[in-house]
Amino acid sequence: MSRLPFYLIVAFLLVAGVALSIHRHVQFEVPWTPGEQRQVWEIEAQVNFTAEGGPAKVNMALPSSQQGYRILTEHTASPGYGLAFLEENGGRRAEWSTREAIGDQQLYYSVQALVAPESRNPKVEAPPLRRDIVWESPYDTAASQVIERAWTRSADPFTFARELITDFTEERQGENARLLLTQFDRTPLLARLLNQAGVPAREVSGLLLEHGRRRQSLTPWIQVFDDQEWALFDPRTGARGRPDNLLLWESAGQAVLEVQGGSNSRIGFSMLSRNQPAAAAVRSELADDTLLNFSIHSLPLEDQALFQTILLIPIGALMVVILRVLVGIKTSGTFMPVLIALAFIQTTLITGLIGFLLVVAVGLVIRNYLSYLNLLLVARVTAVIITVIAIISVFSVLSYRFGLNAGLTITFFPMIILSWTIERMSILWEEEGPKQVLIQGGGSLLTAVLAYLAMNNPWIRHITFNFLGVQLILMALILLLGNYTGYRLLELRRFKPVTED
Amino acid sequence: MWTTPARLHAKGIIGMNRRNIRYIGRYNNRRLYPLVDDKLKTKLLAQEYGITTPALIGTVTTQFGVKHIGPMLVGHHGFVIKPAKGSGGKGILVIERIEGDRYIKPSGAQLTLGDVERHVSNILSGLYSLGGSPDVALIEALINFDASFSEYTYEGVPDIRVIVFKGYPVMAMMRLSTAASDGKANLHQGAVGVGIDIASGTAIRGVQFDRTRHDHPDTGHELASLQISDWGTLLRLAAGCFEMTGLGYLGTDMVLDRDHGPMLLELNARPGLAIQMANGEGLRSRLDLIERQSEGVAPEERVAFSQHHFARSSELRETA
């Protein structure tokens, strides 16, 4: 029996796979490595207020893409509330409304902001000067003296703003400034003085981003205009310019939060930063309709995300083939470890391992009881499935109660597969004892962890997603492995006694 | 702890991958697997070819039929219930004797009729079958194994595995159950494997947990004097299974019954490799020799060929 056709197929797959990959690299300039990582901030705003029992309306400012940041996605969680996103007076706002609300209310808004140094501020028109400013005595004299003093020491609106604000800082506070501060809040006062002096300015609110901070609040800033340009001033120091980690949340001079039908309203922010590969770089701009531009990137975004996972499955399967054919590890269910590894991708490794062990351990105890009930197989496995769902629900609720949000990801486990695993392990336990359960369970888990490590590797993710030719190379590799008649690694240990004498 | 591939190769040891591709893949036609994977089919086929098997008390094919086991068992001293499509000895229930409404296992554990019915029901729903497909339960008469072996076994029936390649018996071992193996004859569970000389039917070498042994761990009886009676008949039965199934690489499990002599217990299209450990020798050179032989040789001649070429002297006597 000639093996020639086999090797021809393998060679063809290899050549085609390599050629397709190189073509994609050269023609579409898809890099071989995932490249730089981009930082993404996840910010959550929590609005709290006490509703008075009647209709309630909450109006909150939302951030827009701006210098340094690009808004990617946003979500809200507000059961029982109607929600609308509005554009008004040059700012984005969210409006929640409900007919009847009583007691403590919580509304959530979360947003993902990509750190994008190339992102620019949108064009902002200077607000009209406020001409209606009226001061009561003796504040009118104090105000005009403060303006006069700063005016003489400045050349343009920005230097004027700087001088004015520094006159209100602790060490340089004059009598006039102290008098004004007894009556007015610092930031609105400064905006008011600037407007009085003929310099368009307004109060805006920003969030200082710091990884892992919770219950943060917005800080006030002064936006000062000079024709087409504007600059940001720190009302506490007079320093000009925007800190890199400042995200302007409200920049239209409006209130950040307005609540009707409620009291005690507060808004708190929590934030997290994480790194993401710059997948955007690969977005195929050359949308030629040639056959060779056969790329996942021509699909809609949603399907692309799905394919990212699907294309990883051959990597996990290859891992299983290697471990079984070359190493000789026993697993419970041939490709069960790949499905577990897919779940690990969602849950992260440690949480996944703990969750898996907990579910299987508790499942085994309950399955042990079920075996006394003398049930038919299908009914028993179904009972195990329901048990697994119950275990997962209980763990989710418990971990949530203890504030371990990572525990919630346990729901990503494939429940039917877990049930069969429990069933098989239980039978194995009865027939061959706990040792075999440990060997096969440990083998499955080890395979799952290795498959996870391979599938979660950023480079492998990049390669499989962007080079479909790699799938052909994988196919060729697996065909070759399927033809391997040599010893398995563990056989070198198993058969050692034979070679001793 | 580890050896090298080169040393294994020099010993002619065959690994899992080579067995699967080179022998099972090449000589065992998938179409023929059902003949050996279904013990009921094997049994009926064996009867057709005049190969002795343990007597069939009855079969249970429906959950409804489970309730009729009690009457079926009346008058039988001991019996064995096994799934027709079980693998690796899974789901086999041995009842040594019946006392009133108590069913007693070789270990002394007592079962009720309900326990037995539950076991049969599990078999029918496919708990022990490959892929969980619905199955049939076989109830066979208990084998009265040869008293000469009682010193060599703990609870279970000692069976003899003969690897038959293209109809030639190539290697044989006896599997003795132990306390460690819980009365089961699976080597990886702790049963003692004793390599048997193809020429004479005497013990060559014993291993337990892959380590050399000279006696049975529970009875303390030395293994050197182990001699299988009626060895030639046993080999001819085993060799005949090639014609019966058409499978080129076959594991035949035989038992010796006190009254009926050698019997075929079951066939295995994917026999394990532990037999090489028990014999202290690799299968490769023997399989290579058989591959060079021409087709169409009668079973008796094949047995004679094997007995002539694969003769070995005992390692147990030398060291004892």
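The values are calculated or read from the model by the stated rules, or taken from the named source; none is laboratory data. Owing to the predicted nature of the structure, the values given are computational and were not obtained by experimental measurement. As a convention, Cβ positions derive from the backbone with ideal geometry for all residues, glycine included, and neighbour counts pool all protein chains shown.
The figures follow:
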quantity	calculated
B:V116 being within 14 Å of chain A (Cβ to nearest Cβ), in contact with a Phe, Trp or Tyr (Cβ under 8 Å, 6 or more places away or on another chain), β-branched (V, I, T) and more than 20 Å from B:L264 (Cα to Cα)	yes
Positions within the stretch B:198-247 being away from chain A (no Cβ under 14 Å), among the β-branched types (V, I, T) and touching a strand residue (DSSP E or B) at 6+ places or on another chain (Cβ under 8 Å), in sequence order	B:I198, B:T202, B:I228, B:T233, B:T245
Index of the failed condition, B:V80 passing every other in (1) touching a Gly at 6+ places or on another chain (Cβ under 9 Å); (2) in a strand (DSSP E or B); (3) within 20 Å of B:L44 (Cβ to Cβ)	(1)
Helices (runs of 4 or more DSSP H) contained in the stretch A:444-501 and holding at least 1 residues β-branched (V, I, T)	A:458-466, A:469-481, A:496-500
Any hit, the stretch B:57-64, residues being out of contact with any Lys or Arg (no Cβ under 8 Å at 6 or more places or on another chain) and surrounded by 20 or more Cβ atoms within 10 Å (Cβ to Cβ)	yes
Number of the exception - B:M171 against (1) away from chain A (no Cβ under 14 Å); (2) crowded, with 24+ Cβ neighbours inside 10 Å	(1)
Tally, over the stretch B:1-10, of residues that are buried (at least 19 other Cβ atoms within 10 Å of the Cβ) and either assigned to a helix (DSSP H, G or I) or away from chain A (no Cβ under 14 Å) (or both)	1
Residues within the stretch B:223-253 that are acidic (D, E) and either touching a Gly at 6+ places or on another chain (Cβ under 9 Å) or part of a helix (DSSP H, G or I) (or both), tallied	2
Hits in the stretch B:26-70 (condition: of a type in the set (S, T, N, Q) and touching a Leu at 6+ places or on another chain (Cβ under 8 Å))	B:N28, B:N29, B:T42, B:T52, B:T53, B:T59, B:T61, B:T62, B:Q63
Conditions (1) away from chain A (no Cβ under 14 Å); (2) crowded, with 19+ Cβ neighbours inside 10 Å: number failed by B:E96	(2)
Qualifying residue in the stretch A:424-440 (condition: in a helix (DSSP H, G or I), among the β-branched types (V, I, T), surrounded by 18 or more Cβ atoms within 10 Å (Cβ to Cβ) and away from chain B (no Cβ under 14 Å))	no
Residue in the stretch B:270-281 that is more than 14 Å from the chain's Cα centre (by Cα), surrounded by fewer than 23 Cβ atoms within 10 Å (Cβ to Cβ) and modelled with pLDDT under 90 present	yes
Residue among B:I51, B:I14, B:I24 that is crowded, with 16+ Cβ neighbours inside 10 Å, within 14 Å of chain A (Cβ to nearest Cβ), assigned to a loop (DSSP other than H, G, I, E, B) and β-branched (V, I, T)	B:I14
Every pair of residues 6+ apart whose Cβ atoms lie under 6 Å, when the first sits in the stretch A:466-494 and is more than 9 Å from chain B (Cβ to nearest Cβ) while the second is assigned to a loop (DSSP other than H, G, I, E, B) and of a type in the set (V, I, T)	A:N466/A:V30
Residues that are under 30 Å from the mean Cα position of the chain (by Cα), hydrophobic (A, V, I, L, M, F, W, C) and within 21 Å of A:I427 (Cβ to Cβ), drawn from the stretch A:312-338	A:F335, A:M336
Qualifying residue in the stretch A:450-464 (condition: of a type in the set (A, V, I, L, M, F, W, C), within 12 Å of chain B (Cβ to nearest Cβ) and surrounded by fewer than 20 Cβ atoms within 10 Å (Cβ to Cβ))	no
Residues satisfying the stated conditions in the stretch B:277-313, i.e. part of a helix (DSSP H, G or I), under 13 Å from B:A172 (Cα atoms) and within 14 Å of chain A (Cβ to nearest Cβ)	B:M277, B:A278, B:N279
Filter result (surrounded by 18 or more Cβ atoms within 10 Å (Cβ to Cβ) and part of a loop (DSSP other than H, G, I, E, B)) within the stretch B:112-133	B:S125, B:G126, B:L127, B:Y128
Single unsatisfied condition, A:P220 versus (1) crowded, with 19+ Cβ neighbours inside 10 Å; (2) more than 33 Å from the chain's Cα centre (by Cα); (3) at pLDDT 85 or above	(2)
Candidates B:A109, B:A137, filtered to the one that is surrounded by fewer than 20 Cβ atoms within 10 Å (Cβ to Cβ), more than 10 Å from chain A (Cβ to nearest Cβ) and at pLDDT 85 or above	B:A109
Every pair of residues 6+ apart whose Cβ atoms lie under 6 Å, when the first sits in the stretch B:255-269 and is closer than 19 Å to B:I163 by Cα while the second is of a type in the set (F, W, Y) and modelled with pLDDT under 90	B:A269/B:Y33
Qualifying position, being under 23 Å from A:F184 (Cβ atoms) and in contact with a strand residue (DSSP E or B) (Cβ under 6 Å, 6 or more places away or on another chain), among A:R236, A:R240	A:R240
Subset of the stretch B:146-167 [of a type in the set (F, W, Y) and either within 16 Å of B:I14 (Cβ to Cβ) or in contact with a strand residue (DSSP E or B) (Cβ under 6 Å, 6 or more places away or on another chain) (or both)]	B:Y152, B:F165
Lone unmet requirement of (1) out of contact with any helix residue (DSSP H, G or I) (no Cβ under 9 Å at 6 or more places or on another chain); (2) modelled with pLDDT under 80 for B:D210	(1)
Condition check for B:G70: at pLDDT below 85 and within 14 Å of another protein chain (Cβ to nearest Cβ)	no
Listing of helices (runs of 4 or more DSSP H) fully contained in the stretch A:99-200 that carry 2 or more residues being over 34 Å from the mean Cα position of the chain (by Cα), among the β-branched types (V, I, T) and farther than 19 Å from A:F233 by Cα	A:139-152
Residue match in the stretch B:28-40 (condition: in contact with a Phe, Trp or Tyr (Cβ under 7 Å, 6 or more places away or on another chain), farther than 21 Å from B:S121 by Cβ and more than 12 Å from chain A (Cβ to nearest Cβ))	yes
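Results for (1) among the basic types (K, R); (2) on the phi < 0 side of the Ramachandran plot; (3) free of Cβ contacts under 8 Å to residues at least 24 places away in the same chain, shown as yes or no for each residue.
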position	(1), (2), (3)
B:A10	no, yes, yes
B:Y23	no, yes, no
B:V36	no, yes, no
B:V60	no, yes, no
B:K85	yes, yes, no
B:D101	no, yes, yes
B:A109	no, yes, yes
